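Trainee: This is the structure I want to talk about, given as structure tokens.
Read-outs: derived from the displayed coordinates by stated rules, not from any lab. Computed from a prediction, not measured in an experiment: that's the story for all the values here. We place every Cβ from the backbone using ideal geometry, glycine too, and count neighbours over all the protein chains shown.
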Amino acid sequence: MSIATKFRRLVNLYKLAWASDRLDALETERNLVRGELDAANARVGTAVAELQSQVDQARGETGRIESQLKIVTRRHEELTLRHEDLTRTVLTRAIALSTKRLIVFLTPGYEWRSGGVLSIAAIYQESAALRDLHRARVVLCTVPGDPPLLKYTWFENRNYILDLESVLKRCRHLDYLLLHIPEYAVNQVLDWLTSASPTLMQDIQDVQLNVMLQNIDQIQGQNIRGLMRFGRVTCTTAHEAYSNSATREAVGVSLHKLLNCNGPELYSLSGYQDKEPLLIVSHDEHPLKEQVLRQIAQVCPELRIQVIQDLHYEDYKKLIRRAKWSLTFGEGLDSYFAEPVWSGGVSFAVFNDRFFTPAFAKLETVYASWEVLMDRMADDLRRLDEPVAYHRCWQQAYDLLSDIYSPERFRENLRMFYRGEYTFP
């Protein structure tokens, strides 16, 4: 073997030895890194376990808090119900003391935000003020079958709502009972009368059942004549348009025009200069509502549009004092039309001959149909948005409404009702 060959072998052996040492070193380094990773993973695992423990503990505390909150809420509800029951019991006993004559207004047992509820509340309050005339105690009760409700909270009032059956059970010596019934609830009350009358009303000598007709559309399908089995039946109306002999003939009982306890005296008037570019819109559902509002928003981008939802009534009255415009999707001549006008605003509606009298069809902002409204309203908003045109348009609607409605005119109508002087006997 040559020296060169031996030298190359020696070099190769050296390289192998060096590579082996290097591999050992890398293996050692790898083991160290693996050890560090294992230690890190262990620390992470410990941290995760601790964090999970804290999460589980927090969940447990949250569960305990939620459980305690449910207990407190349930306890509060129980105390509230007890308080309401106690208040209702005390008031029922007070009503029954030596009562011979009783007038009852039935009202929904729900927090419905509607002009109908406000109207019933107003008739109840004004009737209570006429005790010298009718010589009766006056009470507000939920419609039989509705859930108990002590008081409406969405408008300012001091009216407590009692349970009709409890009141009649307490008033054991009645000679006279007048039951005011909302038109939509006639059949519901008739069912109750059929089951309760034999035990609660058989000894009452004079029973009168008055249907409060506040929305002519809601009387459809209601069995007014069925009430005649239980006493004299009358009907009072809230709109001029259906206070006529045709309605008297349709309902088949004496009809009296009562209208609403409303008018310009009850509102704070503001002029054009104090108004904001705001259109308030009634909450009523309508198939064209979205399309109408979208079209107005496109033509009048500077106009703020607000659909009225869940507002306290006093906040609503403040809002309509600021708003230039109002649009109702309801029956037409409703609170979303009249109240903004009495507050200095201009109201828009589609003419509805079941609620509007013919004179309203001549107003610039009362349209013949929804198609006409969609064609003209956006342009009319721009045309009327200057002081002279605005005031002229507002004044026309204001005068029409004020010719029909006033609190004093309503009170005289109410006095005539309790004297038995009906518009259509």
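Trainee: Below 8 Å, C-alpha to C-alpha, sequence gap of six or more: please give me the relative contact order for segment 88-210 in percent. All intermediate terms of the calculation are to be shown ahead of the outcome.
Mentor: Numbers: 186 pairs, mean separation 41.2, N = 123.
Worked out over segment 88-210, it gives 33 percent.
Trainee: Step through the residues of segment 97-102 one at a time and calculate ³J(HN,Hα) from phi using the Karplus curve (6.51 cos²θ - 1.76 cosθ + 1.60, θ = phi - 60°), rounding each to whole Hz and writing x for Gly and Pro.
Mentor: Per residue, the Karplus-derived 3J(HN,Hα) values read 4, 6, 7, 9, 10, 9 Hz.
Trainee: Any idea what the dipole of segment 269-404 comes to, in debye rounded to 20, about its Cα centre with Lys/Arg Cβ at +1 and Asp/Glu Cβ at -1?
Mentor: I would put it at about 300 debye.
Trainee: Sticking with this structure for a sec: If you filter segment 126-170 for GluC sites (Glu not before Pro), then keep DSSP loop positions with at most 12 other Cβ within 10 Å, what is left?
Mentor: Values: sites: 126, 156, 165; in loops: 156.
For GluC sites (Glu not before Pro) across segment 126-170 that sit outside H, G, I, E and B with at most 12 neighbouring Cβ atoms in 10 Å, the list reads 156.
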